[in-house]
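Asker: Before we start, here is the structure in question, set down as structure tokens.
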Amino acid sequence: MWQKYSSRLPASCNKQTISEPNRKMIKFFLMVNKQGQTRLSRYYEHVEIHKRTMLEAEVIKNCLSRSREQCSFIEYKDFKLVYRQYAALFIVVGINETENEMAVYELIHNFVEVLDRYFSRVSELDVSFPVSPPIHLSFSIMFNLDRVHIILDEMVLNGCIVETNKNRILAPLFVLDKMAES
Amino acid sequence: MSDVVERTLSALPGLLGQHDPGAGPGGGPGRFSATSRLGSLIRSITALSSKHEEEKLIQQEQTNLKATVSAPTTTLRLMKECMVRLIYCEMLGYESSFGYIHAIKLAQQGNLLEKRVGYLAVSLFLHENHELLLLLVNTVVKDLQSTNLVEVCMALTVVSQIFPREMIPAVLPLIEDKLQHSKEIIRRKAVQALYKFYLIAPNQVQHIHDKFRKALCDRDVGVMAASLHIYLQMIKKNASGYKDLTESFVTILKQVVGGKLPIDFNYHSVPAPWLQIQLLRILGLLGKDDPRTSELMYDVLDESLRRAEINHNITYAILFECVQTIYTICPKSDLLEKAAKCIGKFVLSPKINLKYLGLKALTYVIQQDPNLALQHQMTIIECLDHPDPIIKRETLELLYRITNGQNVTVIVQKMLDYLRQSKEEYTIINLTGKIAELTMNAVFSVGGDVMHPDIPNNFLRLLAEGFDDEKEDEQLRLYAVQSYLSLLEEEDTFYPQKFLQVMSWVLGEYSYLTNDGDPEIIITRLHRLLKQTFVTSETKAWIMTAITKMSSRMSCSKTVDKLIQEFSTSLDTCMRQYAFELKHLCENKELMKKLLPLDASCDEIMVDASLSFLDGFVAEGLRCGAAPYKPHHQRQEEKLSQEKGDMSSSGFTGRQSPAGLSLGSDMSGNSAEIGQKETNCLKLDGVRKLWGKEGYLPKKENKTGKEDKTQPVPPDSILMGHVVDPPLMQSEQQVVSLSEEEKEKKQLASTLFVGLGSNSSISLMGRADTINQKLKKKSKISETQNSEEASSFQNIATLPFSPLPDTAPNNKENFQGNEHLGLRKVSLSSSEVLEASVSFDTSQSLREAGLDEKLSNCRLSTSSLFADSNIEVFQPPKTVPDIVARKAPLSLCLPEELAGHPHSEIVELCSCDILTVYSCKVWTDDCSLLVLFVANNSTSPLKTVNLVFETTEHFKIFESLSCHFPVIEAQSMESCQKCVQLEKVCTEGILSGSISYHLDMDTHLEFSLIFSLSDFIRPMKITTEDFGRLWLSFSNDVKQNIKMSPSQGSLSIALNALKQKLKLHIVEIIGNEGIAACQLLPSIPCLLHCRTHARTLALWFRSSCSALPDSLLYQCQKMMEES
């Protein structure tokens, strides 16, 4: 009965819209640094460009306001943010009510592990590179926006977690790289 | 590894300035092309300090890019790079629509990586309905037919990201073909693309449902996993259509859990965790409300719980999902128990993320099993004060789910507290306002008329007085108005009277806050209500008042005029009166505005309650021979007594008057007055405690106010009025032994969790209601009592507050013994108290338990103080049967051979006018005896009294389930005893039965009583050596760490507490380690090893029986949380 009337409330309060089947489990995937600069953004639901920047600013503000002792899940508007901080970089995922926060929290880490595997393997091939391997990763994410996206596309599609097996995630990209080389 | 990444990323900002990564575009495959154009763009942007500068730079960049992409000489390789830069610009929020078409071109013409980037850019730039998307279709079709698998992959990926719905037919056959492809990645991506189609156009893929089944059975895990997304959606829509697949899902999950997948699917050595979660979700949907399907998955759920033992976040993610599934499907007790334990692990975890999940899980499961909230109430209360607002809010969400008529005020208060604290978080204010208000709606419409009248009053008071922030208040009021308006939109919907009253008050007071609502419409809706048959005249008065208030704010209203006309001729005098009042007020708008000012509900209004200004009028009337005024109930009663003829003249019926009745003017008979005064004092007491420490009601003033109005009363009733207080103080003194803070928490806990547990709040209220009805019936008997009896009767009524004697009082004169019975009876009439006193009894009779007694005493007092229904308990007519009983004194005592054993209080099980059944538990060394006394209250002998227990799975009753008394003489008592054994280990169970007798006609009375595990536990006296030997021989063990509160102090204190509660035998204590032993009757041993470390108590149970350690642990946990 009170659901009926809650339709009068602002959309952000309306629980019913969340349970629509087409609502994406994962709404967006962001990488933002402490200065609030977006390093990567992928939206699984359409959001206007100017609204994206506003949303991202809010999201990072929310994340920065939290201490290490506080939990990594934030209730934000009608969805939840799951974030993980890797030093100066925040990876934030917007999810809906039904998604399992901890599973997404670990998904973020899996993603970072995949990035690490991809970019460190490349650096092994490229021995002439003057900077030590770990540092590659940070540059890699920044300067290889396309590749990070390609990796993410293998893992999350349509707001769903579609692949978590590292070998399988990286396989298509390795093929592309090989072909580009030859 | 994560360390490495973290360090790396932390070094990032610093490194940017210092290092030049060196390698040029030619070096390597160009992966670290920091010197590329993208690299320099990123770096220059990072170096900027203002948004304005950034804008300028991007504009410049976009101009360059525009020129480059449209130049015919631009190579595809350069175009690819431009695309990445465009992606970057868009990511920063600068639309670069000029590049969209080039992205499509790149996807069309590019070579592999270029093509991939083209597709990527398209999927990032365009949305589902973008017109340019149509231009992509040809490219996709071409690539799907390509012989190059990489191109097919890309096309499939982009299709599953973004594809125009109307073009699905163009690619569908191609994609269907791919389902048979030899490469798993192609099959997998094809399934993903079909999932996309299913989402945007489910009808178009209907014909390939059997292909989904094939995908589900694919030999490759990835393809199967991809199909699960489709199944999850389809099952969400229509679970019944896929029940036949349950076994497949179960088998798959079994294989995954059993580690049958290739090793590279492991994540931190957990096999395919996300896949497990997905499967658990599907199983939950399938098993919901379907016992047969649920049956199929119990095993695998059990295994999942068991396997998820590694202490890693990802296993907790699985456990969480598992718990949720277990509570979604049809319940199975041992799984529920395990899941509950799991939740305990979450909730008690020091890791904040796990705590959050625990609260979330609790919130979910609490609807099924409110007892879990009781189990974790202390943790919940801690979380309520948690420094992390998110945790706090999740806790409030949890409380929101357990709101009932009894705890609603405390919970709403907590929500409002939170609201006040979090001013800056706008959305939170919004949400909490909603929650607070929803809560009230929920409670009003469900709890409705049986709920305590102060709850709506209190809500209205909160709404009217508001908080510090005027804006917040308005928002809340506006919500209320809007929600009620939309509720009233529906015609012919039934709402409880109380709810309608609240609605009309709110609308009357605050409807001016809405801009869109035409007052005329609101009045029309209220008017419609007035004509409904289900609306009582009391509610009608509320509605009329609301209409009056509203009409004061409008110049004229057709509806109001119509209404006045309609009701001016109403048969209901009250309504007629209101209509006339309204009419006169409408004629004099100025007076009306003065009388009904806007938003002045909180302003003090001075009222001359004595109506002294009418004195002259009354005197005049009396002089002219008018009869002196008699209040309604007096008139009523006189009428009755005339009918009955043999009535005493005392106004004894005053006792039945509803407690809310105004005491203002009349005090005709002494006893009436006494009764009223008593009920009022008691009422206030209950109320005061109910609303917690601050007390919403101005209790003192209220009380004295009422006392002032009463005339001097006879000494014995004055005494009574004061007897009320001391026991409260007494119970408070007992609580002092706990720390002040603990006490507060406990109090809060009992206010928050009242009404939970085995009885749902609603049924509890329902029961209180039936008691009321019973009372009304019985009050007729009370009228037949003479006033002499009435005074002794009052003595009895005071007794509930005297300290409880330990044993049945046969050492005193019978008269007092019966008073004692009266007290028992009274304190039992609420089911809430029943539980409390039963547990009280259990523990009390353990002679060694001194401290224990104290604790349970406070438990008794808190629960009875905070329970809502308790208030009804003290209504005097309930004691009437005892008066009858007093005439034929019965002595209630245990047979001699049993009296020496520890036993519980003798409590009443059930009663009617004719007979009363009392029960007593006796804990002998080798069994648990239940002694039942059947007392014949009537004046004639009872024949063929049969007492029969129902069979339960948990308990076994020896000899036979029934007890037969051929005859019970008038005013005498018979007893029987039964040996009860715990058949199936459980922490608590209900033993129910019934008693029937024949007197004129067959009558049947039902009763039930609670046995807990501790009733069947006895100490096992063994030596340390024996302990050691036994310990090694037992295979079933359970370990758990329990947090100790500071008051629980050392190991020996904790162990002693356990000893008293659970009747353990402490074998030995060395330092911070201790061992204890007990046995479950008849002779199942259970051993306990415990060790304290920091603030935790590590308990380790071992037994030969598998269920026993779990249950004992649960009891320990409960006990530790309670103490």
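Laboratory data are not the source of any read-out in this text; all were calculated from the coordinates shown. The structure presented is a predicted model; accordingly, all values stated were derived computationally and were not measured. In this analysis, Cβ positions are derived from the backbone assuming ideal geometry, glycine residues included, and neighbour counts consider all displayed protein chains.
Asker: Spelling out what I want: for every residue of segment A:60-71, take phi, set θ = phi - 60°, compute 6.51 cos²θ - 1.76 cosθ + 1.60 (Karplus), and round to whole Hz; glycine and proline get x.
Answerer: 5, 4, 4, 5, 5, 6, 9, 8, 5, 6, 8, 6
Asker: What distance in nm separates the two pseudo spin-label positions at A:Lys34 and B:Glu184, each 7 Å out from Cα along the beta-carbon direction?
Answerer: Result for the modelled spin labels: 4.2 nm.
Asker: Still on this model: Under 16 Å from a label point 7 Å along Cα→Cβ of B:Ser1050: give me every residue in segment B:1063-1081 with its amide N that close.
Answerer: Taking a point 7 Å out along Cα→Cβ of B:Ser1050, the residues of segment B:1063-1081 whose backbone N falls under 16 Å are B:1068-1075.
Asker: Out of residues 5 or more away from B:Glu950 or on other chains, whose amide H comes under 5 Å of its own, with H placed 1.01 Å from N in the peptide plane?
Answerer: B:Ser992, B:Gly993, B:Ser994
Asker: Another question about this same structure. If each residue of separation counts as 0.36 nm, what is the full-extension length gain between B:Gln204 and B:Thr533 once their alpha-carbon separation is subtracted?
Answerer: Here the answer is 113.3 nm.
Asker: Enumerate the calculated ³J(HN,Hα) couplings along segment A:106-119 in order (Karplus 6.51 cos²θ - 1.76 cosθ + 1.60, θ = phi - 60°), each rounded to whole Hz, writing x wherever the residue is Gly or Pro.
Answerer: 6, 4, 4, 5, 4, 4, 5, 5, 5, 4, 4, 5, 5, 6
Asker: Report the label-to-label distance for B:Glu520 and B:Lys351 in nanometres (one decimal), using points 7 Å from each Cα along the Cα→Cβ vector.
Answerer: In this crude spin-label approximation the distance works out to 6.4 nm.
Asker: Any of A:Lys77/B:Lys236; B:Lys743/B:Lys1118; A:Lys166/B:Lys183; A:Lys24/B:Lys105; B:Lys392/B:Lys414 with alpha carbons more than 20 Å apart? Name them for me.
Answerer: Violating the 20 Å limit, Cα to Cα: A:Lys77/B:Lys236; A:Lys24/B:Lys105.
Asker: A further question follows. Using a 10 Å cut-off around each Cβ, can you sort B:Arg306, A:Arg147, A:Arg42 from fewest to most neighbouring Cβ atoms?
Answerer: Fewest-to-most Cβ neighbours within 10 Å comes out as B:Arg306, A:Arg42, A:Arg147.
Asker: How about segment B:327-392: which chymotrypsin sites (Phe, Trp or Tyr not before Pro) there are in a DSSP loop, with at most 13 other Cβ atoms within 10 Å of their Cβ?
Answerer: none
Asker: If the limit is 23 Å between Cα atoms, which of A:Lys34/B:Lys66; B:Lys549/B:Lys583; B:Lys115/B:Lys142; B:Lys80/B:Lys142 go over it?
Answerer: Pairs exceeding the cut-off: A:Lys34/B:Lys66.
Asker: Can I ask one more? Computed FRET efficiency, Cβ-Cβ of B:Ser40 and B:Arg219, R0 45 Å: what is it to the nearest 0.05?
Answerer: E(calc), rounded to 0.05, equals 0.35.
Asker: Work out how much length B:Ile263 to B:Ile101 would gain on full extension: take 0.36 nm times their residue separation and subtract the Cα-Cα distance, in nm to one decimal.
Answerer: Length gained between B:Ile263 and B:Ile101: 54.0 nm.
Asker: May I pose another question? Could you compute the FRET efficiency for B:Asn1036 and B:Ser960, with r as their C-beta to C-beta distance and R0 at 35 Å, rounded to 0.05?
Answerer: Efficiency, rounded to the nearest 0.05: 0.60.
Asker: Taking 0.36 nm per residue of sequence separation and subtracting the Cα-Cα distance, how much length would be gained by fully extending the chain between B:Cys574 and B:Lys288, in nm to one decimal?
Answerer: Working it through step by step, the gained length comes to 97.7 nm.
Asker: Starting from segment B:486-575, pick out the GluC sites (Glu not before Pro) whose DSSP state is loop and whose Cβ has at most 14 other Cβ atoms within 10 Å.
Answerer: Passing both the DSSP loop test and the Cβ count: B:Glu490, B:Glu491.
Asker: Through the Karplus equation 6.51 cos²θ - 1.76 cosθ + 1.60, θ set to phi - 60°, convert the phi angles of segment B:95-101 into ³J(HN,Hα) values in whole Hz; use x for Gly and Pro.
Answerer: Karplus values, whole Hz, x for Gly and Pro: 5, 10, 5, 4, x, 4, 4.
Asker: Report the rotationally averaged projected area of segment B:129-237 based on its alpha-carbon convex hull, in square nanometres.
Answerer: So the mean shadow area of the Cα hull is 6.3 nm².
Asker: Moving on to the next point. Kirkwood hydrodynamic radius (Cα pairs, Å) of segment B:1020-1122?
Answerer: Kirkwood hydrodynamic radius for segment B:1020-1122: 13.4 Å.
Asker: For B:Cys1105 and A:Lys61, what is the calculated FRET efficiency with R₀ set at 51 Å and r taken between the beta-carbons, to the nearest 0.05?
Answerer: Efficiency computed from Cβ-Cβ geometry: 0.35.
Asker: If you don't mind, there's one more thing I want to ask. Label point 7 Å out from B:Thr939 along Cα-to-Cβ: which residues of segment B:903-925 have amide N under 15 Å?
Answerer: Only B:914 pass the distance filter.
Asker: Under a 5 Å amide H to amide H cut-off, with H placed in plane at 1.01 Å, what residues pair with B:Val1067 once short-range neighbours are removed?
Answerer: B:Ile1075, B:Ala1076, B:Ala1077
Asker: Something else about it: Tell me which residues come under 5 Å, amide H to amide H, from B:Leu909 once H is placed; ignore anything under 5 positions away on its chain.
Answerer: For B:Leu909, the qualifying residues are B:Val917, B:Tyr918, B:Ser919.
Asker: Now for a different question. Order these by the 10 Å Cβ neighbour count, fewest first: B:Leu301, B:Leu571.
Answerer: Final ranking by Cβ density, sparse to dense: B:Leu571, B:Leu301.
Asker: Can you pull the one-decimal nm distance between simple spin-label points at B:Phe617 and B:Thr924, each 7 Å off the Cα toward Cβ?
Answerer: 7.6
Asker: Give the order of B:Glu128, B:Glu54 when sorted by the count of other beta carbons within 10 angstrom, beginning with the fewest.
Answerer: Fewest to most other Cβ atoms nearby, the residues stand as B:Glu128, B:Glu54.
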